[in-house]
There are 2 protein chains.
Amino acid sequence: MSTMSEYDTEAQVTEAQQAALRLANVDEETRNAALNSIADAIRDNEDAILEANAADVDEAEEMLAAGEYTQALVDRLKLDSGKLESIAEMVESVAEQDDPLGETLQARQLDDDLELYKVAVPIGVVGTIFESRPDALVQIAALSLKSGNSVILKGGSEAGESNRILYETIVEATAEAIDAIPEGWAQLIEAHEEVDRLLEMDDKVDLLMPRGSSEFVSYIQDNTQIPVLGHTEGICHVYVDGEADLEMAEEISFDAKVQYPAVCNAVETLLVSEAVAEQFLPGMVERYEDADVTLRGDDRTREVVDVAPATEADWDTEYGDLELSIKVVEDVYDAVEHVNTHGSKHTESIVTEDGDTAETFMTGIDAASVFHNASTRFADGYRYGLGAEVGISTGKIHARGPVGLAGLTTYKYYLEGDGQLVATYAGDDAEPFTHVDFDGEWTPGQLSDR
Amino acid sequence: MSTMSEYDTEAQVTEAQQAALRLANVDEETRNAALNSIADAIRDNEDAILEANAADVDEAEEMLAAGEYTQALVDRLKLDSGKLESIAEMVESVAEQDDPLGETLQARQLDDDLELYKVAVPIGVVGTIFESRPDALVQIAALSLKSGNSVILKGGSEAGESNRILYETIVEATAEAIDAIPEGWAQLIEAHEEVDRLLEMDDKVDLLMPRGSSEFVSYIQDNTQIPVLGHTEGICHVYVDGEADLEMAEEISFDAKVQYPAVCNAVETLLVSEAVAEQFLPGMVERYEDADVTLRGDDRTREVVDVAPATEADWDTEYGDLELSIKVVEDVYDAVEHVNTHGSKHTESIVTEDGDTAETFMTGIDAASVFHNASTRFADGYRYGLGAEVGISTGKIHARGPVGLAGLTTYKYYLEGDGQLVATYAGDDAEPFTHVDFDGEWTPGQLSDR
């Protein structure tokens, strides 16, 4: 049985790889039409999808009663008519995005009639492994199709029925409505034991986008050599400088924690310059306490306000809730040191009226996003104007911070010549290259008419 | 002893990480001055460097006599006055390159007085593991310093003395001549048993650039979760189409194999359309044989010309020498199929006068570089006008094909605001974002005067 299923997964991924070669050349209009067909099919299949989902939810509720699952898992699993409509609209919004493919990123003449073009192309095969949320399957399939990539989908067994019907809905919509989407572009992997097998396929899967808890994403990152686009944790800071506008600092510190505490760009530790701690902290703490934020402070904080003591572990904790640690620091250098030691390279913000101090903070910290006088909560693909958010990356390779559809592309060099040989440009009588950049799009098989 | 050395490597890499935070903000002039100091120091230390190298070479020659080392290894190891001058000039040419850091890649207004800047910054800590060539140490140190990255250097034991003195020359030149390069930016790791330890440090080392044989690079790739910038093999093809200019095809096919057969962008398999095989192959084969190229052909090739038979293994072999396999294919689709099955996604070339056929080939093949009517040998950072070549990547993530200094950078988002809160842009009365791109450079701590 095990050999059989290994063979299947291998065959599925190979089929996806073959499909990717053709999907790379499907035009924008066809890809968008296919996305709109998927959205329609999700609406048309509502009854069947909700029925399949109800079966998953029933089973999950038994596991909940048995103490195996949490209520949060059951909630994430559950679809209803409204959620399904949001999923269909999400797919349509992906269709409306600018095409991430085909853009000529650079055009350079190397010599007369020898022209190099760097053009955006799909990566190939992207994979996702996700926990109970069935909308992750649809979202990643939509983003992959938009960007011309084949996709391997592996969901949790708790959402087995929901995932299967959503997958079938997607595949049928692209197969029936549109001839031009190559069969095999999306593959569902159902057997739990196939996860490790998938993680080993670094020669066939080009990128993984796991969706789930920090622990889950960490597990994936630690157990595969496939590049992973994702983030494990967000330990973000706001630093209130000695030269801060303290009213602004209070508003930003409040927004960064309270506006949506469960997300990765919420603040976890507030750093306050000793120059303004006495003036700033009492009002700030009152404001937080009115919003039911649980506070912990270091010794110097507790000299000024009456909060529980923070331990060293607090500086490394992502609460993801209405909890916050507070530390009084000497100055901006002390703040930078703390952030570089304890931060997760996600998003960091300074509040100050002094431009030089802002520069010290912003250039001194190694993080994907560093803000001056703005809430950490702005770190988000939609707010950055990137369109559909593919993920947030705390890695530095390939894509960093909020990642749009461009994160699912790579590039290809096209060289148009008329018979040039390297021998002409080598040795003692070497011809020089011209290396002149120009504005132009690659036209297959043709030199430009410049 | 083992515990001790583990501790040391960990401490060295941590020191490099600390230095990287400061090196990221060292200005272009200082980095270039430091590079020029390194070049001068290499010239000044010539006697000592050659003496140390001679000790390595003596030992290697004993190993050669004992049959442990190859002559090629000894040759790669050996430095002389001329080679050392080339190394010094290489360092100076890196100094002359455009600065890869600080460029504002995108400036976008999110709303009034809320401005997002995407700016090129160093990756952090890059590492290299290399075999006997001591110039790899200097090259990677120079590229790292230019791009503001700390560097971990691990050479082979056969070049131990050479590596140590080159490392000391570099570190002393940057420490003494220039105050502003942070101590610890370059670290030499000498113990062989520390390689595996380094490969495990994926939380501290951001990118690896191995230098050595295909097998060596493969070993590194298979044994680390650190992203690797490199290539293992180059199985490149030239496809001579039925609509090719056959004189051009002969010149390109000859150049692609003979001009420099040992390199990764040389052709390994020549694909010929059946429409022109009889006309094209006899003259081509004669030309190759005159240049001492060993040829193997498939059955259809051997119907036309008298060459040794090719086996299936030939299609997957990088000869790296004056050897070539030849296959007659039906048409461009057959050629694309062969290349996507056997190629290494490096560089592929079609010779044809038909633009549509060129398009089929160029868009249908998944490779970093696809050429029309030009020799595969053009796939090279210098020829592409990328400046200093960091490496050639056959991976698709982060960097693909020939990679210049930009491959050693990532980006950072800087957001300048005047107190904006996400609460303003969320919920029922959400303010809209403007999302207007503009031309502008990030000025730390200041909103632009638009």
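The values are calculated or read from the model by the stated rules, or taken from the named source; none is laboratory data. These numbers come from a predicted model, not from an experiment. Neighbour counts run over all protein chains shown; Cβ positions are idealised from the backbone, glycine included. SASA here: full protein model, heavy atoms, side chains in, ligands and nucleic acids out. Shrake-Rupley method; radii C 1.70, N 1.55, O 1.52, S 1.80 Å.
Output the qualifying pairs, or none if there are none: Cβ atoms under 9 angstrom, residues six or more apart or on different chains, first residue in the stretch A:41-52 and not assigned by TED's automatic domain parsing to the domain that holds A:Glu92, second residue of a type outside the set (Lys, Arg).
none
Name every residue in the stretch A:229-245 that is open to solvent by 40 Å² or more (accessible area, probe 1.4 Å) and either under 15 Å from the mean Cα position of the chain (by Cα) or away from chain B (no Cβ under 11 Å) (or both), in order of residue number.
A:His231, A:Glu233
Search the stretch A:22-62 for residues being open to solvent by less than 40 Å² (accessible area, probe 1.4 Å) and either assigned to a loop (DSSP other than H, G, I, E, B) or within 14 Å of another protein chain (Cβ to nearest Cβ) (or both), and hand back the single one that is farthest from A:Thr169 (Cα to Cα).
A:Ala24
Which residues, taken from the stretch B:147-159, are modelled with pLDDT of 95 or more and either touching a Lys or Arg at 6+ places or on another chain (Cβ under 8 Å) or open to solvent by 10 Å² or more (accessible area, probe 1.4 Å) (or both)?
Across the stretch B:147-159, the qualifying residue is only B:Gly148.
Which residue is nearest to A:Tyr413 (Cα to Cα), if the candidates are limited to the stretch B:309-349 and must be of a type in the set (Ser, Thr, Tyr) and crowded, with 16+ Cβ neighbours inside 10 Å?
B:Thr347
Assuming A:Val390 fulfils every condition listed in (1) over 13 Å from the mean Cα position of the chain (by Cα); (2) over 21 Å from A:Gly343 (Cα atoms); (3) in contact (Cβ under 8 Å) with a residue 12 or more places away in the chain; (4) buried (at least 17 other Cβ atoms within 10 Å of the Cβ) apart from one, which condition is it?
Result: A:Val390 passes all but (1).
Looking at the stretch A:131-178 only, could you name the residues that are over 22 Å from A:Gln97 (Cβ atoms) and of a type in the set (Lys, Arg)?
Within the stretch A:131-178, A:Lys154, A:Arg164 qualify.
Among what's in the stretch B:424-446 and is small (Gly, Ala, Ser) and more than 36 Å from the chain's Cα centre (by Cα), pick the residue that is most open to solvent (accessible area, probe 1.4 Å).
Residue satisfying both the conditions and the ranking: B:Gly427.
Step by step: first the residues of the stretch B:246-261, then only those that are buried (at least 20 other Cβ atoms within 10 Å of the Cβ) and more than 18 Å from B:Leu322 (Cα to Cα), then the one that is farthest from the other protein chains (Cβ to nearest Cβ). Which residue is that?
B:Ala249
Only residues that are open to solvent by less than 10 Å² (accessible area, probe 1.4 Å) and either at the interface with chain B (Cβ under 7 Å from one of its Cβ atoms) or among the basic types (Lys, Arg) (or both): list them for the stretch A:393-405, please.
A:Arg400, A:Gly401
Could you run through the stretch A:409-424 and say how many residues are more than 21 Å from A:Ser144 (Cα to Cα), within 7 Å of chain B (Cβ to nearest Cβ) and either in a loop (DSSP other than H, G, I, E, B) or of a type in the set (Ser, Thr, Tyr) (or both)?
The number of residues fulfilling the criteria is 3.
Quick check on A:Leu421: is it of a type in the set (A, V, I, L, M, F, W, C) and open to solvent by 10 Å² or more (accessible area, probe 1.4 Å)? Lay out the reasoning, then the answer.
Details: of a type in the set (A, V, I, L, M, F, W, C): yes; open to solvent by 10 Å² or more (accessible area, probe 1.4 Å): yes.
Yes: the conditions hold for A:Leu421.
Picking from A:Asp47, A:Asp113, A:Asp98, which residue would you name as being modelled with pLDDT under 95, farther than 13 Å from A:Leu145 by Cβ and acidic (Asp, Glu)?
So the residue among A:Asp47, A:Asp113, A:Asp98 that is modelled with pLDDT under 95, farther than 13 Å from A:Leu145 by Cβ and acidic (Asp, Glu) is A:Asp98.
Would you check which residues across the stretch B:91-120 are away from chain A (no Cβ under 14 Å) and crowded, with 18+ Cβ neighbours inside 10 Å and list them?
Correct list: B:Val91, B:Val94, B:Ala95, B:Pro100.
Does B:His192 qualify as being assigned to a loop (DSSP other than H, G, I, E, B), of a type outside the set (D, E, K, R), open to solvent by 10 Å² or more (accessible area, probe 1.4 Å) and under 17 Å from B:Ile140 (Cβ atoms)?
no
Within the stretch A:378-387, can you find the residues that are within 13 Å of A:Asn265 (Cβ to Cβ), at the interface with chain B (Cβ under 7 Å from one of its Cβ atoms) and open to solvent by 10 Å² or more (accessible area, probe 1.4 Å)?
The answer is A:Arg383, and nothing else.
Inspect all residues belonging to the stretch A:258-274 and state whether any of them is outside the structural domain of A:Ser218 (by TED's automatic domain parsing), part of a helix (DSSP H, G or I) and touching a helix residue (DSSP H, G or I) at 6+ places or on another chain (Cβ under 7 Å).
The answer is no, given that none of the residues of the stretch A:258-274 is outside the structural domain of A:Ser218 (by TED's automatic domain parsing), part of a helix (DSSP H, G or I) and touching a helix residue (DSSP H, G or I) at 6+ places or on another chain (Cβ under 7 Å).
Quick one: in the stretch B:350-374, which of the residues that are facing chain A (nearest Cβ under 7 Å) and among the polar types (S, T, N, Q) is most open to solvent (accessible area, probe 1.4 Å)?
B:Thr363
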